[in-house]
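The values are calculated or read from the model by the stated rules, or taken from the named source; none is laboratory data. The shown structure was predicted, so the numbers you read here are calculated from the model rather than taken from an experiment. Here the Cβ positions follow ideal geometry from the backbone for every residue, glycine too, while neighbour counts run over all protein chains shown. Remember, those area values only see protein heavy atoms, side chains included, never the ligands or the DNA or RNA. Shrake-Rupley method; radii C 1.70, N 1.55, O 1.52, S 1.80 Å.
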Amino acid sequence: MPPSRRTSALVLLGYALVSLLYFGLDVLAHPKRTLVGFGSDPQIFVWSFAWWPHALGQGHSPFVTHAVWAPDGVNLAWATTTPGLALALAPLTVLAGPVAAYNTAAVLMPALAAWTAYLLCRAVTGSLWASLVGGYLFGFSSYMLGHELGHLNLTSVFLIPLVALVVVRFVRGELGGKALAWRLGPLLALQMLFSIEFLFTTTLALAVGLAVAWATMVDLRLRLRALLRPLAGAYLIAGALTSPLLVFTASGFESTSLSEPSAFDTDLLNFFVPTRLVAAGASWAPGIAEHFAGNDAERGAYLGLPTLLIVAWFARHRWRQPGARLLVITFVLAALASIGTALRIDGRTVMPLPWGQLARLPVFDNVIPDRLALYATLAAAVIVALWISSTRGWLAVVVPVVAVLALVPRLDLPVWSTTPARPGFFADALYRSCLKPNENVYVVPYSYKGNSMLWQAESDFAFRMATGYLRAGPPKSFIFFGAIWKVQFRNRIPSDADIRALMKAKKVTRIIVEESSLPAWQPAVASFGPPTMLGGVAVYPACGA
């Protein structure tokens, strides 16, 4: 192996070990039971990892499932799934199960993001040390820490630095038009298979970056103009490679967010103040961060004071350089975009911003503003790498180390792993003695309140469910049933009539209530007669009835 490739491989290994230390140690003892992340969101991806090989193995279309929200089903092109990762790790899913495959992906994503950012920084700076720091600042940023709680589709961003790298190499003259198209096309296709939202926002970032480059780098305008044709070719290649998914995306177009984008605007203080997930702010930041919009996962703009000081110094002292202006302007624009629909400081709205108008448009209404901080983070990481590579003496070591330390997660928090409850009815396959194959059931609790998606995935889809959890809300054909609406949006137990209406309309034959939920639900299901108590659940009507 050539020295450069050997170094690159060692860097990837190093980042992987860091990611394992941060996020994987708790799952090593029980990799098939414990999940990386917190709460119920990880089950979405466990389900997805199980679904794609299952559907293909059964000869079903993997883009539409009738396993959840049965019998109507749901178009997975507009759901929170990661088909690219599910297919890539399908052999591991078959051999070790969907939980082990999910855990592998969850640990790998920060490491891969750090590594590809390292490759970009190395191409720009030529410095190993500077690139190591730049890679870390991106791959283990506060954005990544937040979404490592269980949003695998949003940590699958390692292709974005590679998109930037391919474009940089073309502008430098290191790649021709065909080489650009045939490299960039598959990258864009894969990004779509990871996250349609990030394919869209990456396209926006690319367009804005090229516009800024045109304005700031006059000497490169001929090369930038020459980029347009192969860039269009790359998108055509990406479209051809993902054409089946595009068909289902176009046919099922809708807004999948039940929350206004404004609910996830970035507070201006979040660039300076971390959430409770970051060790550097453990003693002082949580009280401030709780005023920010969103939640810990969607408060990912924090960069750390050392990084912000470097960006400010870089803007002040290297503004005359076209490349520096490009980086600084793109950083500022990405940061402004992440602030979203209104300027907020410490939770208080100061003034509306233009993104509020964009957020009303189709597609844009599916973009969470805070997630755009990822692009500001990448620009900041490259700026820091350039600063390190041009700085001599102790500053080039001490300041980057402090910048890294400012992002180290709090490993004492119990949020980096979770072990979901698995009633014996599902875990020990006791359902086989009670349910017919593919029987449609109403499982309680469901959605983010329970783990029914995990139970179905680990049972290899032996039964269908008239519920599900693949996005913020249920499909339109289910949303107005009291048995769905009251549970998911009112935090109330539905009535007997609500449940019977759903059962009649959706051909549901059994209600399965986890034993811990039975006291609250018993009044709603009492009319179905005495249940069968089996493996930690109550089955209504009783098995055999």
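Across the alpha-carbon atoms of segment 381-471, the computed radius of gyration and Dmax are 24.4, 72 angstrom.
Treat segment 295-346 as a sphere of radius equal to its Kirkwood radius over Cα pairs and apply Stokes-Einstein at 10 °C in a medium of 1.306 mPa s; give the translational diffusion coefficient in µm²/s, rounded to a whole number. Here the translational diffusion coefficient equals 127 µm²/s. Seen against the Cα atoms of the chain and their longest principal axis, helix 42-58 is set at about 80 degrees. When the Cα positions of TYR469, SER389, PHE140 are compared along the charge dipole of the chain, SER389 comes out farthest toward the positive end, with charges on each C-beta of Lys, Arg, Asp and Glu. Remark: the PHE480-ARG6 segment gains 164.9 nm on full extension, using 0.36 nm per residue and subtracting the alpha carbon distance.
Accessible area per residue for the chain in Å², computed with a 1.4 Å probe and the full protein assembly in place, what is it? Could you put the intermediate results ahead of the total?
On the way: 22310 Å² over 545 residues.
Result: 41 Å² of accessible area for each residue.
For the chain, the longest principal axis of the C-alpha atoms and the axis of helix 98-125 are separated by about 10°.
Modelled spin-label separation between THR509 and LEU411, with each label point placed 7 Å from Cα along the Cα-to-Cβ direction: 5.1 nm.
Using a probe of 1.4 angstrom, how much of the accessible area of the chain is carbon and sulfur, in percent?
Numbers: 14490 of 22310 Å².
Reported share for carbon and sulfur atoms: 65 percent.
Remark: segment 225-321 carries a charge dipole of roughly 800 debye about the Cα centre, counting +1 on each Lys and Arg Cβ and -1 on each Asp and Glu Cβ.
Does segment 58-141 come out rounded, prolate or oblate, given a ≥ b ≥ c as the square roots of the eigenvalues of its C-alpha gyration tensor, rounded meaning a/c under 1.5 and, failing that, prolate meaning a/b above b/c? Cα axes put segment 58-141 in the prolate bin.
Modelled spin labels at HIS317 and VAL332, positioned 7 Å past Cα toward Cβ, are 2.0 nm from each other. Under the simplified labelling scheme, the ASP496-TYR448 pair shows an inter-label distance of 3.3 nm, with each label point 7 Å from Cα along Cα→Cβ.
Rounded, prolate or oblate: which fits segment 328-437, taking a ≥ b ≥ c as square roots of the Cα gyration tensor eigenvalues, rounded meaning a/c under 1.5, else prolate when a/b beats b/c? Could you put the intermediate results ahead of the total?
Working: a/c = 3.00, a/b = 1.50, b/c = 2.00.
Judged from the Cα gyration tensor, segment 328-437 comes out oblate (a/c at least 1.5, b/c at or above a/b).
Neighbours of LEU154 by Cβ distance under 14 Å: Lys/Arg scored +1, Asp/Glu scored -1, total -3. By the compact-protein rule of thumb, 2.2 N^0.38 Å, the alpha-carbon radius of gyration of segment 151-250 corresponds to a ratio of 1.08.
What does the helix-only formula give at 222 nm for the chain: each DSSP H stretch with n ≥ 4 adding -39500 (n - 2.57), the total divided by the residues, and the result rounded to the nearest 500 deg cm²/dmol? Don't jump to the answer; show the numbers that get you there.
On the way: 25 runs with 289 residues, N = 545.
Helix-only estimate at 222 nm: -16500 deg cm²/dmol.
Size check on segment 271-375: the Cα extents along the three principal axes, sorted descending, read 41, 38, 22 Å. Using only the Cα atoms of segment 21-71, build the gyration tensor, take square roots of its eigenvalues as a ≥ b ≥ c, and label the shape rounded, prolate or oblate: rounded if a/c is under 1.5, else prolate if a/b is larger than b/c, else oblate. Judged from the Cα gyration tensor, segment 21-71 comes out prolate (a/c at least 1.5, a/b above b/c). Hey, what D do you get for segment 99-178 in µm²/s if you plug the Kirkwood alpha-carbon radius into Stokes-Einstein at 4 °C and 1.567 mPa s? D, rounded to a whole number, is 98 µm²/s. Reported to the nearest whole Å, the Cα centre-to-centre distance from segment 131-201 to segment 474-545 is 44.
Looking at the chain, send over the antiparallel percent of its DSSP beta bridges, to the nearest 5. Don't skip to the end; give the middle numbers.
Numbers: 16 of 22 bridges.
Antiparallel bridges make up about 75 percent of those DSSP assigns within the chain.
Let's see if you can work this out: charge +1 on each Lys and Arg Cβ, -1 on each Asp and Glu Cβ, no other charges. What is the dipole magnitude of the chain about its Cα centre, in debye to the nearest 20? All intermediate terms of the calculation are to be shown ahead of the outcome.
Working: 40 positive and 26 negative charges, 269 e Å.
Using Cβ point charges on Lys, Arg, Asp and Glu, the chain gives about 1300 debye.
Based on every Cα atom in the chain, Rg and the maximum pairwise Cα distance Dmax equal 24.5, 80 Å.
Given a Förster radius of 51 Å and the C-beta distance between ARG172 and ASN438 as r, what FRET efficiency does 1/(1 + (r/R0)^6) yield to the nearest 0.05?
After rounding, the FRET efficiency stands at 0.35.
With the cut-off at 20 Å, tell me which of the pairs LYS449/LYS504; LYS449/LYS486; LYS476/LYS506; LYS436/LYS476; LYS436/LYS506 have Cα atoms farther apart than that. Exceeds cut-off: LYS449/LYS504; LYS436/LYS476. Positive-end ranking of ALA280, ALA297, THR266 along the dipole of segment 256-312, with charges on Cβ about the Cα centre, is headed by ALA280.
Distances over 17 Å make up what percent of all Cα-Cα pairs in segment 7-112?
Values: 3133 of 5565 pairs.
Of all Cα-Cα pairs in segment 7-112, 56 percent lie more than 17 Å apart.
In percent, rounded to a whole number, the relative contact order of the chain is 18, using alpha-carbon pairs under 8 Å and six or more apart. Taking Cα atoms only, the orientation of helix 3-19 departs from the longest principal axis of the chain by about 40 degrees.
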